[in-house]
Amino acid sequence: MDWRIGIDEVGRGSLAGHVSVGAVMVRTDAAPISGADDSKKLTPGKREIVHRAILETPATFVAVTSAPVEVIDKVGIDKAVLACFERAARRLLATAAENGLGPVVSIRIDGRAPAGPFMPEFPVEFVVDGDATDWLIGAASIVAKVTRDRQMTELTKEFPGYGWEHNAGYGTAGHEAAIRTLGLTPLHRAKFCRKFAKPTAPMVPKEDPGVFDLFE
């Protein structure tokens, strides 16, 4: 039986927090999961319902990777996202091999193809607006969005006042006003926030071996 993988990212344009990538692998003849669509089209409640359905659907495998703020500031968001794409894809390829699932014949990723080669040994296709046209990429976007939103909500306990439980670190008017008043945290992307404030706390590296080794 052949398999295919859909991949999407969340948090590319956020002012704070990591960027996350979700990947979902199913058989090529798998029926669409009800509600799987571009995560931006769904309410938070609907995303949670579909996310649960994705995790509970038989013969469905999920991987989530992320790049922390210090990597984004160091190498740039595009390279950080590509690293997460590759790590997520390779995790599911390893899952397929370890479980004898059969070949992965399609890897579809939301967005424009990078200028250089990307995993040329595998059947990778970049699809503009793929999360809206391929339900599997949409499912991946939901996995990434729900996972990242939960993590950003949890981080509000350590860094209150920025509204991350509502804005997930994106540049809303309330978030930008909080930055001007409270300054930046170690979880803000310094290069993204230059016009708001200077850092008020040192960046503390938190190594993620699943991402950092791609830049060594």
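Derivation of every value follows stated rules applied to the coordinates shown; laboratory data play no part. Keep in mind that this is a model prediction, so the values were computed, not measured.
Quick look at the values:
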read-out: Helix axis angle, 77-98 relative to the chain longest principal axis, alpha carbon, degrees; value: 40
read-out: Lysine pair number, Cα distance threshold 16 Å (strictly under), the range 3-215, separation 8 or more or different chains; value: 6
read-out: Ellipticity estimate at 222 nm from DSSP helix runs (n ≥ 4, -39,500 (n - 2.57)) divided over the chain, nearest 500; value: -12000 deg cm²/dmol
read-out: Distance between the range 1-55 and the range 131-155 - C-alpha centres, whole angstrom; value: 5
